[in-house]
Structures are given as C-alpha cells and as structure tokens.
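In what follows, a structure is listed as structure tokens, so that the remarks can point back to it.
The values are calculated or read from the model by the stated rules, or taken from the named source; none is laboratory data. All of these numbers come straight from a predicted model, not from anything done at the bench. Quick reminder, even Gly has a Cβ in these numbers, built from the backbone with ideal geometry, and neighbours come from all protein chains shown. Note: accessible area is taken over every heavy atom of the protein model, side chains too, but ligands, DNA and RNA are not part of it. Shrake-Rupley method; radii C 1.70, N 1.55, O 1.52, S 1.80 Å.
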Amino acid sequence: MFDKKVFGERLSSLRIAANISQHALGLAMSVGKSAISMMENGQRAASAEMLCALADYFNVSLDYLVGRSDNPNKC
C-alpha cells in the first residue's frame, strides 16, 4: 500500500543526501518548489509518472521510494 508519509520522508532524505534544494528538484521534475514541498509533507500525492521519474532521478527502486521495501537498490 502507498504511504504518503513514508514516501515524503524518503523523498526528503534522498534530496537532502544528494544536496539538492526543493527548487532544483522541482526544476528537474518540471514542477514548482511547492509541489516538492507538498509531496515531502504528505500533502500532495505524486502521479505514477512522477514516482517513476523520482525513482530514476535518485537511482532507487520504486518500491523503496513508496515504502514497499527497505532496499533502495534496483533489481
């Protein structure tokens, strides 16, 4: 099941670990800084396309990003 809280926490952690601002990530994903902030805070759901783009951007598995696995490695 998709957990917006886990997704938001993981997105925030990945972004901070990569030393990327919300603004820079928003530019890379073609959305505004506020959209990234709302996703990180669990106030906005991400589309399937956005989830895949974020997983690819951070080179982690989609299952890890959405909280279905604790293993960030892609298969």
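Counting other Cβ atoms within 10 Å of each Cβ, which GluC sites (Glu not before Pro) in the chain have at most 13 and sit in a DSSP loop?
Hits after loop and neighbour filter: nothing returned.
Give the relative contact order (percent, whole number) for the chain; include only Cα pairs under 8 Å separated by 6+ residues.
Normalised by residue count, the contact order of the chain is 34 percent.
For 11, 62, give me the order by solvent-accessible area with a 1.4 Å probe, most accessible first, ignoring ligands, DNA and RNA.
Largest accessible area first, the residues go 62, 11.
Of 51, 32, 16, which is farthest along the charge dipole of the chain in the positive direction, counting Lys and Arg as +1 and Asp and Glu as -1 at C-beta?
32
Report in % the part of the accessible area of the chain that belongs to carbon and sulfur, leaving out ligands and nucleic acids; probe 1.4 Å.
Using a 1.4 Å probe with all protein chains present, the chain comes out at 50 percent carbon and sulfur.
Suppose every Lys and Arg Cβ carries +1 and every Asp and Glu Cβ carries -1, with no other charges. What dipole size does the chain come out with about its Cα centre, to the nearest 20 debye?
140 debye
At 1.4 Å probe size, with every protein chain present, just tell me what the per residue accessible area of the chain comes to in Å².
Values: 4520 Å² over 75 residues.
Accessible area per residue: 60 Å².
Per residue of segment 19-27, what does 6.51 cos²θ - 1.76 cosθ + 1.60 with θ = phi - 60° give for ³J(HN,Hα)? Whole Hz please, x for Gly and Pro, Karplus curve as stated.
Whole-Hz 3J(HN,Hα) from phi for segment 19-27: 6, 10, 6, 4, 4, 5, 5, x, 4.
Please give the calculated 222 nm ellipticity per residue for the chain, where each DSSP H segment of at least 4 residues contributes -39500 (n - 2.57) and the sum is spread over every residue; nearest 500 deg cm²/dmol?
-17000 deg cm²/dmol
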